[in-house]
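The values are calculated or read from the model by the stated rules, or taken from the named source; none is laboratory data. Note that this is a predicted model, so its numbers are computed, not measured. So basically every Cβ, Gly included, is an ideal-geometry build from the backbone, and we count neighbours across all protein chains shown.
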Amino acid sequence: MIPRRSVVTGAAALLGTPYIARAQAAGRVVVIGGGFGGATAARFVHMADPRLDVVLIEASPDYMACPFSNEVIAGLRDITAQHFDYRAIGTTGIRVVHAVAAAVNQAARRVSLGDGSVVPYDRLILAPGIDISWGALPGYDEAAAERMPHAWKAGAQTLLLRRQLEDMADGGVVVISVPANPYRCPPGPYERASLIAAWLKANRPRSKLLLLDAKDTFSKQKLFQAGWAQLYPGLLEWVSLSDGGKVTRVDPAANTFETDFGTHKADVGNVIPPQQAGRIAAVAGVADRTGWCPIDPVTFESRLQPGIHVIGDAAIAGAMPKSAFAANAQAKVCAGAVATLLAGGTPTEPRLINTCYSLVAPGYGISVAGVYRPANGQLTDIAGAGGVSPLDAPATQRAQEAEYADAWFKTITKETFG
Amino acid sequence: MGRMAFAAAALLSTVAVAPPPGASGCSGCHGATAPPAVLTGRDPGDIVAALDAYRTDARPATVMNHIAKGFSHDETVAIAAWLAAQK
């Protein structure tokens, strides 16, 4: 490994001289994106080899977690429970830089920040999460999202959807549209529909919820549908692709969803739109024509740009879903691989796990788990492993899974943010 | 060549002991407080016995029966030894 240090310019002033001196020991790893993938990656690179200089670049000093934000929308949880920051990470020897990553020069191995300063790297880990593909659904742009929130990035959008529900009169119609795969959090739309239905049932009991889907099948489908039949009959209606559920256009002025079969008028309209890897992925040249990032399943190194690794929602991770658990698990594997590569070693073949809980109602939890290994260049399900909660589980098990979901959030946010 | 190999070995020796395949995933759910069970520092025999029982559905579980089936007994032994050595 030959560290390249000749291009340190504005970053020296930004990051401080001692930092540059320390960097010369073993190499520098730069991580862009401070979510469940990126923040975890920064911490675990540092733990794997404390001699490495680790820089975490994240535009915002505040992080709003998406898992459990459906509970905020349904009035079950305060948004402050979703808030995390980087202060603890900054005390561990990792340099946290709150700046926008503007460009990546792969050949020179350096990142340019929004203020023009330059941060060189030996290996770069991108964890940019998702961007909304504005314009992919006709009628849905950034202005439309102020009328018909997506709430697929937690924060102001989450609160906007919450307020719209609170303002809705009894007897209103809530419409949620769901995109085709892939998108962040495959069971998320169905958990959201479930929890909004629970809130409507208790607070606006004459209302309806229409779930318009661009798919015929979805994650934990039988479990959700069994729960809906039991808890929300006549209230929650799922319309599959085959039944005309695919939304082809929205009109924010009229709050309508158009399908090939007709137009649905909403009192509260929630558009879960098509998505793509976060902006820096395309800028760095690691996103392919799908908008997502092909990776090596052992190291998470980009198939398109050597020296750049991609983890989390932005990556094409084979059978692994785009979940916070998966991003965190991939981050730990990628961090180990990066540390090993920088030390001149060869990363070993990983085994990855995903566990994902959803709530069908308060205190009613269901789960899916999977185990993955590289096969034929992809992360692939291990046959015989993985599965979902049983369809016939007693209420005690649903309650236990809801408790485990809660415990999971506490544990993973502690591991990610400290 | 010999000097390069030596240098690489010296570099690797300062890297933390890498977890065996799958082991780093456990901490996504298993943290410093139960539930679910705290795994770090635990008797490795207990962990192996639990995973062997989950693998055969001899012990009831929510997600661990699905996860244990993704690992052989020998892989489980390596994971348990690594977890036991963590603080």
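Details
- Any hit, the stretch B:39-49, residues being within 24 Å of A:S358 (Cβ to Cβ) and either at pLDDT 95 or above or polar (S, T, N, Q) (or both): no
- With respect to the stated conditions, A:T259 fails to be on the phi < 0 side of the Ramachandran plot, assigned by TED's automatic domain parsing to the domain that holds A:L341 and β-branched (V, I, T).
Let's see how each residue does on (1) under 26 Å from A:L113 (Cβ atoms); (2) under 20 Å from the mean Cα position of the chain (by Cα); (3) not hydroxyl-bearing (S, T, Y):
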site: A:E258; (1), (2), (3): no, no, yes
site: A:D267; (1), (2), (3): no, no, yes
site: A:I272; (1), (2), (3): no, yes, yes
site: A:A277; (1), (2), (3): yes, yes, yes
site: A:V283; (1), (2), (3): yes, yes, yes
site: A:Q305; (1), (2), (3): yes, no, yes
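- Residue within the stretch B:50-67 that is at positive phi, buried (at least 21 other Cβ atoms within 10 Å of the Cβ) and either modelled with pLDDT under 95 or within 12 Å of the chain's Cα centre (by Cα) (or both) present: no
- Residue list for the stretch B:52-87, filter: hydrophobic (A, V, I, L, M, F, W, C), assigned to a loop (DSSP other than H, G, I, E, B) and more than 9 Å from chain A (Cβ to nearest Cβ): B:A58, B:A61
- Some residue of the stretch A:339-352 being within 20 Å of B:Y54 (Cα to Cα), at the interface with chain B (Cβ under 9 Å from one of its Cβ atoms) and at pLDDT 95 or above: yes
- If the condition is being within 23 Å of A:A65 (Cβ to Cβ) and hydrophobic (A, V, I, L, M, F, W, C), then the stretch A:280-315 contributes A:I280, A:A281, A:W292, A:C293, A:F300, A:V310, A:I311, A:A314, A:A315.
- The residues listed here are A:I366, A:I295; of these, the one that is free of Cβ contacts under 8 Å to residues at least 40 places away in the same chain and either within 11 Å of chain B (Cβ to nearest Cβ) or more than 25 Å from B:H30 (Cβ to Cβ) (or both) is A:I295.
- Out of A:S323, A:S302, sole residue that is of a type in the set (G, A, S) and under 30 Å from A:P252 (Cα atoms): A:S323
- Failed criterion for A:I311 (all others in (1) buried (at least 18 other Cβ atoms within 10 Å of the Cβ); (2) under 20 Å from A:V178 (Cβ atoms); (3) not small (G, A, S) hold): (2)
- Scope the stretch B:27-59; condition under 24 Å from A:P347 (Cα atoms) and out of contact with any strand residue (DSSP E or B) (no Cβ under 8 Å at 6 or more places or on another chain); matching residues: B:S27, B:T40
- Positions within the stretch A:383-415 being within 8 Å of chain B (Cβ to nearest Cβ), in a loop (DSSP other than H, G, I, E, B) and in contact (Cβ under 8 Å) with a residue 12 or more places away in the chain, in sequence order: A:A385, A:G386, A:S389
- Residue list for the stretch A:245-290, restricted to those being surrounded by fewer than 21 Cβ atoms within 10 Å (Cβ to Cβ) and among the aromatic types (F, W, Y): A:F261
- Taken together, the residues in the stretch B:20-36 that are more than 7 Å from chain A (Cβ to nearest Cβ) and modelled with pLDDT under 95 amount to 3.
- Taken together, the residues in the stretch A:217-236 that are crowded, with 18+ Cβ neighbours inside 10 Å and either in a loop (DSSP other than H, G, I, E, B) or of a type in the set (D, E, K, R) (or both) amount to 5.
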